[in-house]
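Just so it is clear, none of the values below were taken in a lab; they were calculated from the coordinates. Since we're looking at a predicted model, the values are computed, not measured. Methodologically, a virtual Cβ is constructed for each residue, glycine included, from the backbone with ideal geometry; neighbour enumeration extends over all protein chains shown.
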Amino acid sequence: MKKITIFLIVFLSVLYFRSFTWLVNVWLTDSYYSHGFLIPIVSIFIAWKNIHRFEPESAPFKNGLIIFIPGLILYTIGFIKLFPFLLALSFLFITSGLILYFYGKNMMRCFLFPVSLLIFAIPLPLLPLKKIAYTLQHISACCSTLLIEMLGAPVTRIGSEIHLQNASFTIGLPCSGMNSLISLLALAVIFIYLLKCQPYKKIALLCVTVPIAIIANILRITLLLLLANHYGVEVAMRFFHDFSSLFLFTIAFIFLVVISTITGCKVRVIEDRG
């Protein structure tokens with residue numbers, strides 16, 4: 001069995017060398033996926049913690065080919081069309097299929113979450129990513145302007161441009177909240193996995209993560225505009241802009257933890273290897 005494991009690791013490393021290179025490059029250059037390096041580390045750690053609970057089956061589980069074949073098709077299309085997203089996505093199917101075939105269903109239960117988690121390390125294609133970011137940009141600009149008006153500050157919005165009495169801001173794509181949404185979703189999935197509660201509560205917590213991230217970004221922009229309106233652009237950009245993203249991201253996650261506690265969910269500890 002150890003020989004099979006070594007062979008599969010070498011096989012996947014050679015097959016996906018180009019994809020791994022592409023992923024590392026994106027993680028280094030794309031702010032949306034700067035968290036990408038952490039996902040495989042967490043995935044491997046969880047698999048390592050769980051693996052002792054399941055024994056590999058002696059006979060191959062041939063139905064694993066049902067998952068392996070779609071992965072092979074995705075890989076072929078991605079390779080021919082030079083579409084790195086499909087190449088990276090196929091890794092999840094091919095890896096799952098190989099684990100099922102060689103080690104069986106019990107071992108796949110150990111790897112199901114760690115392999116699925118890797119989806120958060122795979123960058124979405126540029127077109128849908130930009131469409132989502134533009135939508136978030138519009139929502140953030142509209143809601144921030146509305147809040148500023150409700151607080152009594154003179155404000156005018158033209159598209160993604162927000163004009164105050166003594167300053168103007170453009171809510172660009174980096175300020176759309178897409179970064180926080182992707183990162184918070186990845187963190188939320190790991191956190192929810194560690195919770196001990198009914199499945200419907202876990203699904204509800206995952207669904208509520210999206211509005212939490214959006215609201216956090218709206219509050220960030222609103223506070224930035226208020227500071228600029230009262231103390232000037234320089235103070236707002238220097239004092240608040242640089243650390244506000246991390247601060248409100250932390251608040252958003254704490255809010256998610258509070259909701260999980262209210263709903264009766266408890267964090268379970270991953271058992272050490274026996």
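Hey, can you rank 24-34, 210-220 by average C-beta count inside 10 Å, highest first?
210-220, 24-34
7 Å from Cα along Cα→Cβ at both ARG18 and VAL257: what's the point-to-point distance in nm?
4.4
Would you kindly calculate the mean projected area, averaged across all directions, of the convex hull enclosing the Cα atoms of region 143-260, in square nanometres?
7.7
Using per-residue counts of other Cβ atoms within 10 Å, averaged over each peptide, order 2-8, 122-128 from highest down.
For the peptides 2-8, 122-128, the packing ranking is 122-128, 2-8.
Between GLU161 and THR29, what length comes free when the chain is fully extended (0.36 nm per residue of separation minus the Cα-Cα distance, one decimal in nm)?
44.9 nm
With a cut-off of 8 Å between alpha carbons and a minimum separation of six or more residues, what is the relative contact order of the chain in percent?
For the chain, the relative contact order is 18 percent.
When the Kirkwood radius is taken over all Cα pairs of region 2-122, what Stokes-Einstein diffusion coefficient follows at 4 °C and 1.567 mPa s, in µm²/s?
87
Note down the net charge around LEU181, summing +1 for each Lys or Arg and -1 for each Asp or Glu among other residues with Cβ under 15 Å from its Cβ.
Local charge sum for LEU181: +2.
Using alpha carbons only, what's the Rg to Rh ratio of the chain with Rh from Kirkwood?
Radius of gyration over Kirkwood radius for the chain works out to 1.06.
What list do you get for PHE255, PHE68 if you sort them by fewest beta carbons within 10 Å?
PHE255, PHE68
Any idea how many Lys pairs in the chain come in under 27 angstrom at the alpha carbon, given 8 or more places apart or on separate chains?
21
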